[in-house]
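Down below is the structure, laid out as structure tokens.
The values are calculated or read from the model by the stated rules, or taken from the named source; none is laboratory data. All of these numbers come straight from a predicted model, not from anything done at the bench. Don't worry about glycine lacking a Cβ; one is built from the backbone with ideal geometry, like all the others, and counts go over all protein chains shown. These area figures cover heavy atoms from the full protein model, side chains too; ligands, DNA and RNA do not enter into them. Shrake-Rupley method; radii C 1.70, N 1.55, O 1.52, S 1.80 Å.
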Amino acid sequence: MAWQLVPEADDRQTVPIDRAILFFGRHPDCDVVITSSRKVSRKHCCVAQVDNQLVVRDLGSMNGVRVNGQAVKGQSALRLGDSLTVGDVVFHLTEVPAKNKRSTPPRSPGKPPRSVSPRDLSQDIPVVISEDGEGFSVEVSNQKTPDETRAPREPIALSDSDIIDDDNDSWFELPASDS
């Protein structure tokens, strides 16, 4: 089943749930970046697919996460028709209409798709860790890394007083005691 989060406000985009874990927050590293609300934390919450079900987990946000108006303590299940409030931004969970569903890429023969079990989902930070030695793939993000967005730094000028003379170890000596 393909899901999507439809925003209540018309000025926001629909969020397809097309990954095992989606992070929500103000930080540019999040999958769903919400910068229009100061009530959304940098890394606010995540929505994870676990055994063909959705789970939302609050990541220690200041203004909380709500499902159908009820505050989420830790994590909570999400079902079709539920409303999800991230800070003060409201989404509704719907099924992707049939015409909008993306075809899944072909898998290598003989390997069934691996589902994520609850024991693989970290209780501190929701990251799936495979224990069976199978490889995994990482999707490339279109977001710039912090190094690419940061302006180049100017060199720092040093004077002679900023340089420590290695041949002079006197700065390690302790004053002589009177005993």
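In whole Å, what are the extents of the stretch 3-95 along the principal axes defined by its C-alpha atoms, from largest to smallest?
Result for the stretch 3-95: principal-axis Cα extents of 31, 28, 25 Å.
With all protein chains present and a 1.4 Å probe, how do 95, 8 order by accessible area, largest first?
8, 95
Need the full-extension length gain, residue 11 to residue 80, defined as separation in residues times 0.36 nm minus the C-alpha distance. One decimal, nm. Please list the in-between numbers first.
On the way: separation 69, 0.36 × 69 = 24.84 nm, distance 2.22 nm.
Gain on stretching residue 11 to residue 80: 22.6 nm.
If DNA, RNA and ligands are ignored and the probe is 1.4 Å, what is the ranking of 27, 44 by accessible area, most exposed first? Don't jump to the answer; show the numbers that get you there.
On the way: 27 55, 44 0 Å².
Ranked from most to least accessible, the order is 27, 44.
With r as the distance between the Cβ atoms of residue 99 and residue 52 and R0 = 22 Å, compute the FRET efficiency 1/(1 + (r/R0)^6) and round to 0.05. Present the calculation step by step, with values, prior to reporting the outcome.
Values: r = 22 Å, r/R0 = 1.00.
Working from the Cβ atoms, E equals 0.50.
May I ask you to derive the FRET efficiency for residue 92 and residue 42 from their Cβ-Cβ distance with R0 = 30 Å, giving the value to the nearest 0.05?
Numbers: r = 24 Å, r/R0 = 0.81.
E(calc), rounded to 0.05, equals 0.80.
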